[in-house]
Amino acid sequence: MPRPRPAEVIETRAESVDVTSLWLRDPAAGTRGALLPGQHVRVHLGGAEAVPLWRSYTVSGLRDGLLRLSVKAQGRVSTRLSALAPGETVVISGPYGEFTLPEEVDRPLVFISAGIGITPMAAMLEAAEDRAVHVLHTARSGSRLALWSEIRAQAP
C-alpha cells in the first residue's frame, strides 16, 4: 500500500461554477509507482475529527512533479479541499486504480463522460499525444463545463 505523504498546494484555479482545480507538489512524483493518467489518490485534510476524513479524487493533470485534482465542492471534504490556498498542505496516498490510458492502441480512442467525470479524461487526453481521440461529454449547463476550455484547446 502506498505510504501517505504531505503534498503542498502550489496553485488553485476555478474551472467552473462548482469545480476548483488544485495543483499539488507530490514528493513521490517520478518515483516507482508514479501516477498514470486516469488513476486516483486518496486525500486527507487532517483536523480534529474522530474518524479520519479520507476521500478519493481522480488526478486530472500531471506535470513536472505536480498533480492536479479538480474538485466539485459538495460534501465536507470536497468543500474544504476546494477552499485551500497555495502554501497549504494535505496528506495524499496512492496512486490507485487501473482505469488508465491504454498502451499503444492502433485505433482511435473514445472518451465518454458527464459532469465531474471529465477529470480522468483530461489527464488521459493530455497524455494521448498524437493519438486520435474523440471526446463526448455532457454537463448540466455551460457554466458547469469544468476543464472544457483545456479539452477544446487540445482538439485538432
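The values are calculated or read from the model by the stated rules, or taken from the named source; none is laboratory data. Keep in mind the model is a prediction, meaning the values are calculated, not measured. When we count neighbours, we look across all protein chains shown, and the Cβ atoms used for this are built from the backbone with ideal geometry, even at glycine. In case anyone asks, the SASA skips ligands and DNA or RNA and just uses the protein heavy atoms, side chains included. Shrake-Rupley method; radii C 1.70, N 1.55, O 1.52, S 1.80 Å.
Before moving on, here are some points about what is shown:
- Flag if S70 is open to solvent by less than 80 Å² (accessible area, probe 1.4 Å) and touching a helix residue (DSSP H, G or I) at 6+ places or on another chain (Cβ under 8 Å): yes
- Residues of segment 48-102 that are out of contact with any Lys or Arg (no Cβ under 8 Å at 6 or more places or on another chain), assigned to a strand (DSSP E or B) and more than 20 Å from M121 (Cα to Cα): T89, V90.
- Residue list for segment 103-145, filter: in contact with a Gly (Cβ under 8 Å, 6 or more places away or on another chain) and either assigned to a loop (DSSP other than H, G, I, E, B) or surrounded by fewer than 11 Cβ atoms within 10 Å (Cβ to Cβ) (or both): A139, R140
- Inspection of segment 115-132 finds no residue satisfying the criterion of being touching a helix residue (DSSP H, G or I) at 6+ places or on another chain (Cβ under 7 Å) and farther than 18 Å from S21 by Cβ.
- Selection from segment 83-102 of residues that are within 16 Å of S21 (Cα to Cα) and either open to solvent by less than 40 Å² (accessible area, probe 1.4 Å) or of a type in the set (A, V, I, L, M) (or both): A83, L84, A85, V90, I92
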